[in-house]
Every structure is written in structure tokens, then in C-alpha cells.
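Nothing in this text is a laboratory measurement; each read-out follows from the coordinates by a stated rule. Everything numeric in this text was worked out from a predicted model, so none of it was measured. We place every Cβ from the backbone using ideal geometry, glycine too, and count neighbours over all the protein chains shown.
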Amino acid sequence: MRHYEAYGLTLQSDLPLPAVPAVHRSPPEVVIRWGYVPVPRRSADGETVHIQPGGQEAYCSWEHAGRFVVRSGREIVIDPAPDAEDAVILLAVLGTCLALLLHQRGLLVLHGSGVIIADRAVMFLGAKGAGKSTMAAALYAAGCPFLADDIIAIDPRVGSAPQVFPGFPLVKLWPDAAEASLRLDPIQLPYLAPGYDKRACSVAMPPGWQSFPLGGIYALADGPEPRLIPLSPREAVVELIRHSYAARFGQNLLSGAGAARHLEQCTRVVHAAPVYRCERPRLLPTLPLAAAHIIQSCQSLVLC
């Protein structure tokens, strides 16, 4: 097994990961291994994810990837489908499985991408296709250290400022977005998976292995020009809940004490950092202007 570091954790994995190799091989907090996973009981609507009561054991199944179980925030077991390629399995592990694992560890897990501006974590939320990865890539190209793509994990413990750890040094972009944001030739970039046109773009991570205080959250929206609209605490909490991974699984994760804890985490986060609706034209040539607008906004907050 190889050892890696991501999201503030030491990972030991049978599956090669696009992650920073661990410098100090302390006992791993998370193990990702091959193994047998029984067929989970299917829900009436055929959901691919089945979560046991309490949320500390989750079964996932995809036809072309295989079956997976995520346990207690410490283990992901992979039972690959016949002829499944590592790239397809990796998408499942670094997507739903990882999000469930981080949630099991008590973190607030958001569907977003982010960078570091003025030594603070800045993230972008939005629906699928909203441009989260593209915006993060544009800011990275403008000199902002990369934070994470697709999964943002916030530690909102009581008594301290919410902290965010860097994820994996990889951003997933469509060919035109890779060319516009990172000035990369998409022909030279590897595909994320067979039959999927998105490309895997390697990026550099912040030096050292440290967490960053939360600096700001931007919910992406379409608009005629770059504009930042501050959200009220109530509006901001709604945005965080809407774009959290836990909300995807409804009452499987957000019921009773789990729902109360999730609401408390979202409330704590919106009181610790500003949340904006970030309007901008959905045009790739306008990316540098939108990125500059966000950098100026973040730097102004630090100076205040």
C-alpha cells in the first residue's frame, strides 16, 4: 500500500491516488483497500447509495466501477466491477465515497472548488456545470495557490475559526475551460475516464501541510457583469445546505441529531466568513476579469 496526504489525513491506499505522497508514514487515519463488498439492499427508487442508520456505514454501487463500502470515516473498501479501469474506480473513490468518509469524520462537506487568497481559503459553490472548477483554475492561473476541486471539507469546531485543508492536486476541466483558464493544450491532457471528455489537470499544492482559515464563500450565478452580492445569514445557510454533500442523501444523513448538527455547522460557518452570490457572464474570455474582481474583494476584506 502507498501512503498519501490529503484533507489533513494520512491515507494508505491500494489504489494509486493523485495525491501528495506522505512524508512521515505515521499510522494512517484512512485505509483504502481492495476487498469483498456484499450487494447492498436496494432502495425502492434504485438509489446507488445505501446508508445504514447512523450514517457510519455506507454502501455505494455503480455498474462500471463496482461496489464500495465506506465505514466510520476510516475505511473505503473497493470491490471492482469486472474489467473496471482504475480511472473509473478513482472517480467513484474521490467523489461520493470520499465525501461520505469526510462527513463521517464530522466535517462539513461542500460540493465546491477553492483556492487560497491572502492566506485564507476561498471557495466556489454551484450546481453541476456552474463553473466551480473553471473559476478555481482561473484564480490558480492568476497566482492563487490551489486548495481543492469538487470536494471542500470544513472543520467548524466550536471555539475556533473554521479550518479548511487542501485536497488533491488535480482539477477536472472540460477541454475549452482548460485552455481558457490554465492555457493548456487539451490534446496533451489525459482524459478523466474512457468516454468522458473532461481532462485531468495537475496543479501545485500550497507548500507545507497546513490548514487555512476560511476566508469567503462565493455561490456562482449568471449575470451580465462581475458582481458580488452579500447574502444574509439566512440566505447563506440555505446556500450551504443546498450545496452540501449530506443534502444529496436526504434523510439518510440529515435526520434527527444529524440534521441538527449539520444546521449548526452551516450556521457557524456563515458567521465566521462572508458569503456572496457571485454573478458573472458564463463566457470563458471574461474569466480573468471575474478572477481579478474576486481577488480584489478578498484582499479588501483582509485590510478591513
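Using the Cα centre of the chain as origin and beta-carbon charges of +1 (Lys, Arg) and -1 (Asp, Glu), tell me which of Pro186, Ala118, Pro21 is placed farthest towards the positive end of the dipole.
About the Cα centre, the residue reaching furthest to the positive side is Ala118.
Between Val20 and Gln56, what length comes free when the chain is fully extended (0.36 nm per residue of separation minus the Cα-Cα distance, one decimal in nm)?
That pair, Val20 and Gln56, stretches by 10.3 nm at full extension.
In the calculated pair distance distribution of the chain, what percentage of Cα-Cα distances lie above 25 Å?
So the portion of pairs separated by more than 25 Å is 48 percent.
Set the Förster distance to 30 Å, then compute FRET efficiency between Gln296 and Ser160 from the Cβ-Cβ distance, nearest 0.05.
The formula returns an efficiency of 0.60 here.
Using 0.36 nm per residue of separation minus the Cα-Cα distance, give me the extension gain between Ser232 and Ala118 in nm, one decimal.
The span from Ser232 to Ala118 would gain 38.7 nm if fully extended.
Taking the simple approach of a point 7 Å from Cα along Cα-to-Cβ for both Arg268 and Arg183, what is their distance in nm?
Simple spin-label model gives 4.2 nm for this pair.
Find how much the distance from Arg33 to Ala127 grows on full extension, using 0.36 nm per residue of separation minus their present alpha carbon separation; answer in nm with one decimal.
Residue separation times 0.36 nm, minus the Cα-Cα distance, leaves 30.7 nm.
Output needed for segment 148-304: three equivalent-ellipsoid semi-axes, defined as square roots of 5 times the C-alpha gyration tensor eigenvalues, in descending order, whole Å.
28, 21, 17
Sort 169-177, 257-265 by packing, meaning the average of other beta carbons within 10 Å per residue, with the highest value first.
169-177, 257-265
Counting Lys +1, Arg +1, Asp -1, Glu -1, what net charge surrounds Tyr36 among other residues with beta carbon under 13 Å of its beta carbon?
With Lys, Arg at +1 and Asp, Glu at -1, the neighbours total +1.
Work from the charge dipole of the chain (Cβ charges, +1 for Lys and Arg, -1 for Asp and Glu, about the Cα centre) and give the residue of Pro230, Pro82, His293 farthest towards its positive end.
Pro230
About the Cα centre of segment 108-303, what is the dipole size in debye to 20, counting +1 per Lys and Arg Cβ and -1 per Asp and Glu Cβ, all else neutral?
Charge dipole of segment 108-303: 320 debye, to the nearest 20.
Taking 41 Å as R0, compute the FRET efficiency from the Cβ-Cβ separation of Thr286 and Glu85 and round it to 0.05.
Plugging the Cβ-Cβ distance into 1/(1 + (r/R0)^6) gives 0.65.
Helix-derived [θ] at 222 nm for the chain: sum -39500 (n - 2.57) over DSSP H runs of at least 4, divide by residue count, nearest 500?
Roughly -7500 deg cm²/dmol at 222 nm, from the helical runs in the chain.
In whole percent, what relative contact order does segment 2-104 give with Cα contacts below 8 Å and a gap of six or more residues?
21
Using only the alpha-carbon atoms, how far is helix 233-242 inclined from the longest principal axis of the chain? Give it as 0 to 90 degrees, nearest 10.
Computed tilt is about 40 degrees.
Testing the spin-label approximation: label points 7 Å from Cα along Cα→Cβ at Ala142 and Asp222. State their distance in nm.
2.2
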